[in-house]
């Protein structure tokens, strides 16, 4: 039988909503892709009673992954409470204490503070439940593996980068590999669309027979992209094929990917394939488009730079938008967007440029140019195309959707027929 | 007695980790600030058995808030399963059906698709548990309030903007107001530091008596900021005062705020107060600094624009970094950072500018200039200051921390003594 799993993320700042958790999603993704979809991913505060109760509930599953509560401070209680929930004592691991001590000495030096200030924290972080095994350090906190009678608990630190590093070590442990061996990895398929309502996709799925043969279909929309996930157990392959074919046929132009690459990666690859260098000119998105493009490692061989032309003077002086265009049509207009894209190509010496200008809100809207009105323009050596959008949502949503739309406009312009995209 | 609460976030894409949930944190924050800290915030998939079981567990609390699962597609099952968990039937609300239909007609038009494609979805979204009350539409999904024997359930849509809008409507309902009236809003205090290790703050808290008198102290670090949250129940006021005073005295220079304003807001306010106009010049952060500055409504009266100078040619041609500076010191150097800041002030006609140049990785590092090496420089009409950083973490972490550090450098330069900051 497929092992069951629960993911427990600790931290008062998370349960009070002061911070958005990335670790639950990461662990969930790691487990799901290996065939163990967690039954729940819970965020629990640092209060001992509640955390201990949650740990007891979690230990009823075959696999428990926890995140957080390993720090040097008094409110980091995961180890102590896991030991209690599992009926184990606590011991200081002397080797671990030395290992953490060495890291902390460096830290103390960097911050120019006496080591004594850190000593109690080091001892605390070197304390394990009896029978627990260190998975090595990331930062100053060790990951811990504890095999109880019926459950395997893997205790990971809270900072996402550190959690991910220790997780990779945990993946090499035979205890965890045995559990994954008992799971049957499902096959996943993904189809991603841009510029369609969810309903249009859902209708096609239903007409093609929906979730027959145990197929699981998830449809979700995010920043104007609609993603269809098919989880395909044995026996559901032909139903998955039927639905995929129906979707491809119904929405050939909206389908832009059958994998998880972000649109910025697709755009960079398309430009790289054609030897084109790329620039941006952004007003209301304030740098979100260039930040997304440069989030991709290796983007520097394609992306040369961008201008955030927030003030109209920058549009005039730095981007060379003609004064009469700004005066006649205004900063938020198709004409200004076109001049911004052309200006970015010229000023930043690029082959391709995309521009964004719009009203992100909450202020600044008028009847003629309401909040959510956004103009995009993309220009390549052989094509030029503008788009007018009326985006719903608050300032943050308008900005995110405008940035996503700008990247998709680049994608469309750079990949002439859809057969080049997917 | 203080009511208990649970928050249930649904969505297979969330439990599989395909998406990071913002709604749990939002709701948790809303409840906590009114004195009802949720006992758990759980993400559950769309599988009916698991979701129904979680809803039953949640209904054991006084207050249940759910998010998601209200869409028009077959995998949106919150209403159906809540009805089952609460022992209620389902009915189509004809008024609601009309209301949703009107919205969807507009949508169909915009996407140029026949209304019939949407009709089944409209009926589904207009279906409520018996006794359920619509909280009004956001998008095409209604929020729903359902009073069961012992619990108040509030069902909110998944898209964060829509959830937040419907939540504001829910806050006006007497059923919810009664629950909040039974809770005692705790007093919160917050102290935020930059450039200190967590341990240095924790040591001061311990020495000042720690969590005496029922005070709850949470310390957490994020992108080089350390935040101390004090939750102060009646009777713990003087202990909270003792800890706050000790922290202020121990780390006067690192303390930068005693409220929740983001550093970009503090920076914009400081510049606004002095009538200064601001610009950015970014290399490795690729627009993250300008994106953070422009995320603040009204930033356009201070922030004029920015240059993302990713390629060295842009640093030379558009920013005017002297060729010999780039040749002698390299793009990642204190000298180039200084020339970028000066160039941004000149080219973008700003009073204040900040620059960032560094090695974000994963490639591009050398022994002399490793991944994580970042130079910042800020310049105002009367001051100029550079910083060298060696940031830990992956590409994303280096970029985020470099952007945060750049904003803090601006803050320090714009607020001469800390008494002007807090």
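The values are calculated or read from the model by the stated rules, or taken from the named source; none is laboratory data. Not measured: the values here are computed from a predicted model. Every residue, glycine as well, gets a Cβ built from its backbone with ideal geometry; the counts of neighbours run over all protein chains shown.
Some observations on this one:
- Subset of region A:127-142 [buried (at least 23 other Cβ atoms within 10 Å of the Cβ), modelled with pLDDT under 95 and more than 14 Å from chain B (Cβ to nearest Cβ)]: A:142
- Hey, residue B:274 closer than 18 Å to residue B:353 by Cβ and either out of contact with any helix residue (DSSP H, G or I) (no Cβ under 6 Å at 6 or more places or on another chain) or at pLDDT 95 or above (or both) or not: yes
- Among residues of region A:133-165 being on the phi < 0 side of the Ramachandran plot, without any contact (Cβ under 8 Å) to a residue 60 or more places away in the chain and assigned to a loop (DSSP other than H, G, I, E, B), the one that is nearest to the chain's Cα centre (by Cα) is A:159.
- Scanning region B:269-281 for residues that are in contact with a strand residue (DSSP E or B) (Cβ under 7 Å, 6 or more places away or on another chain) and under 16 Å from residue B:294 (Cβ atoms) gives B:271, B:277, B:278, B:279, B:280, B:281.
- Members of region A:170-188 that are under 24 Å from the mean Cα position of the chain (by Cα) and at pLDDT 95 or above: A:170, A:171
- Filtering region A:159-169 to residues that are at pLDDT 90 or above and touching a strand residue (DSSP E or B) at 6+ places or on another chain (Cβ under 9 Å) leaves A:163, A:164, A:165, A:166, A:167, A:169.
- Residues satisfying the stated conditions in region B:211-222, i.e. touching a strand residue (DSSP E or B) at 6+ places or on another chain (Cβ under 7 Å) and at the interface with another protein chain (Cβ under 10 Å from one of its Cβ atoms): B:211, B:216, B:217, B:218, B:219, B:220
- The lone exception for residue B:207 - which of (1) more than 23 Å from residue A:158 (Cβ to Cβ); (2) within 12 Å of chain A (Cβ to nearest Cβ); (3) buried (at least 19 other Cβ atoms within 10 Å of the Cβ) it fails: (3)
- Selection status of residue A:47, over 27 Å from the mean Cα position of the chain (by Cα), closer than 22 Å to residue A:26 by Cβ and at pLDDT below 90: no
- When the residues of region B:107-132 are filtered to those that are in a helix (DSSP H, G or I) and touching a helix residue (DSSP H, G or I) at 6+ places or on another chain (Cβ under 6 Å), the one that is nearest to residue B:50 (Cα to Cα) is B:125.
- Residue match in region B:393-407 (condition: more than 14 Å from chain A (Cβ to nearest Cβ) and in a helix (DSSP H, G or I)): yes
- Within region B:74-95, the set of residues being touching a helix residue (DSSP H, G or I) at 6+ places or on another chain (Cβ under 8 Å) and within 25 Å of residue B:25 (Cβ to Cβ) comprises B:75, B:76, B:77, B:78, B:81, B:82, B:85.
- Strands (runs of 3 or more DSSP E) wholly inside region A:1-106 that include at least 1 residues being under 26 Å from residue A:123 (Cβ atoms) and within 12 Å of chain B (Cβ to nearest Cβ): A:5-10, A:40-44, A:63-67
- When the test is whether a residue is closer than 26 Å to residue B:25 by Cα and in contact with a strand residue (DSSP E or B) (Cβ under 7 Å, 6 or more places away or on another chain), residue B:66 passes it.
- Wholly within region A:275-385, strands (runs of 3 or more DSSP E) carrying at least 2 residues that are under 25 Å from residue B:298 (Cα atoms), within 12 Å of another protein chain (Cβ to nearest Cβ) and free of Cβ contacts under 8 Å to residues at least 60 places away in the same chain: A:303-309
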